[in-house]
Amino acid sequence: DAGVTQSPTHLIKTRGQQVTLRCSPISGHKSVSWYQQVLGQGPQFIFQYYEKEERGRGNFPDRFSARQFPNYSSELNVNALLLGDSALYLCASSLAGGGFVEKLFFGSGTQLSVL
Amino acid sequence: GQQVMQIPQYQHVQEGEDFTTYCNSSTTLSNIQWYKQRPGGHPVFLIQLVKSGEVKKQKRLTFQFGEAKKNSSLHITATQTTDVGTYFCSVNYGQNFVFGPGTRLSVLP
């Protein structure tokens, strides 16, 4: 079975541009969450989606948005990119969206560089 | 916002030595998870702990949840070069997932 897949793997943008990152969860998983990981730090929670509804939101500005599609895949959008948005963006899928005992399966991430 | 602390930030050990990382929260936790991230890789789930005082073992790895459910530890016995990576604890605060800053383990052969 395929694991969590993310695209693209690498992306270079300039300040002010917009970016869309994509994630396909493991088959049968209905929950997708997004994380930002700056080099040398732990993943920072951005969003969780379950059954196409937002279930959780981290402390990120409104420039960050996401959505989940009927097939449970997800997109993360970032508008008006800043240099500080340069990071590894990780997507994780899990079976349910309860938030309690949730085992997360991570994709390999999208490395975003903002110049 | 809610935070979890991890110590130490870095640990360098000689192969064969033991290693321990600690995760601490100021609030009582419903559960805690541990992940390992190899250099250049993505976090991989290791274990989840739910019960107060719970101890779980995976070969050379021992995970413990504190009695007050505010702290946890991961202990590796007789480290190997394959243990190299960053170890993160992760907790749920409501619908939010919070990862600690991680402990980066280096193992010298």
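The values are calculated or read from the model by the stated rules, or taken from the named source; none is laboratory data. These numbers were taken from a predicted model, which means no experiment stands behind them. Please note: Cβ atoms are built from the backbone with ideal geometry, for glycine as well, and neighbour counts cover all protein chains shown. Calculation scope for accessible area: heavy atoms of the full protein, side chains included, ligands and nucleic acids excluded. Shrake-Rupley method; radii C 1.70, N 1.55, O 1.52, S 1.80 Å.
When you restrict to C-alpha pairs under 8 Å that are six or more residues apart and normalise by the size of chain B, the relative contact order lands at 37 percent. Rolling a 1.4 Å probe over the protein chains gives B:Ile7 an accessible area of about 100 Å². Shielding of peptide B:86-93 by partners, expressed as the average count of other chain Cβ atoms within 10 Å per residue Cβ, is 3.
A 1.4 Å probe over all protein chains sorts B:Glu17, B:Glu54 by accessible area into B:Glu17, B:Glu54, starting with the largest. In the stretch A:49-76, which residues become less accessible by 30 Å² or more once every protein chain is in place, relative to the chain on its own, using a 1.4 Å probe? Residues meeting the cut-off: A:Arg55. The residue list B:Thr82, B:Val44, B:Ser106 was ranked by how far each Cα lies along the charge dipole of the protein assembly as shown toward its positive end, using unit charges on Cβ atoms, and B:Val44 comes out on top. Residues of the stretch B:20-108: accessible area per residue at 1.4 Å, in Å²? Using a 1.4 Å probe on heavy atoms only, each residue of the stretch B:20-108 averages 42 Å². Rounded if a/c is under 1.5, else prolate if a/b beats b/c, else oblate: with a ≥ b ≥ c from the C-alpha gyration tensor eigenvalues square-rooted, which is the protein assembly as shown? Prolate. A probe of 1.4 angstrom, applied to the heavy atoms of all protein chains, finds A:Ile12 with accessible area near 120 square angstrom. Name the residues of the stretch B:37-63, by number, that are at least 50 Å² less accessible with every protein chain in place than in the isolated chain; the surface is that of heavy atoms, probe 1.4 Å, without ligands or nucleic acids. Listed in order, they are B:His42, B:Pro43, B:Phe45. The share of accessible area on the stretch B:20-108 that comes from carbon and sulfur is 53 percent, using a 1.4 angstrom probe.
Of the listed peptides A:49-57, A:33-41, what is their order by residue-averaged count of other C-beta atoms within 10 Å, with the highest listed first? Mind dumping the intermediate values first?
Values: A:49-57: 16.1, A:33-41: 19.2.
Most protected by this proxy first, the peptides run A:33-41, A:49-57.
Interface between chains A and B: roughly 1800 Å² of accessible area buried, both sides summed (probe 1.4 Å, protein heavy atoms only).
Measure off, as a whole percent, the carbon and sulfur share of the 1.4 Å-probe accessible area of the stretch A:5-97, all protein chains present.
Working: 2190 of 4400 Å².
The value for the stretch A:5-97 is 50 percent carbon and sulfur by accessible area.
About its Cα centre, the dipole of chain A is roughly 160 debye, where the only charges are +1 on Lys and Arg Cβ and -1 on Asp and Glu Cβ. Across B:Asp18, A:Asp62, B:Asp83, the residue with the most accessible area heads the list, and the full order at a 1.4 Å probe is A:Asp62, B:Asp18, B:Asp83.
Could you order the peptides A:2-11, B:89-98, A:67-76 from most to least packed, using the average number of other C-beta atoms within 10 Å per residue?
In decreasing order of mean packing, A:2-11, B:89-98, A:67-76 become B:89-98, A:67-76, A:2-11.
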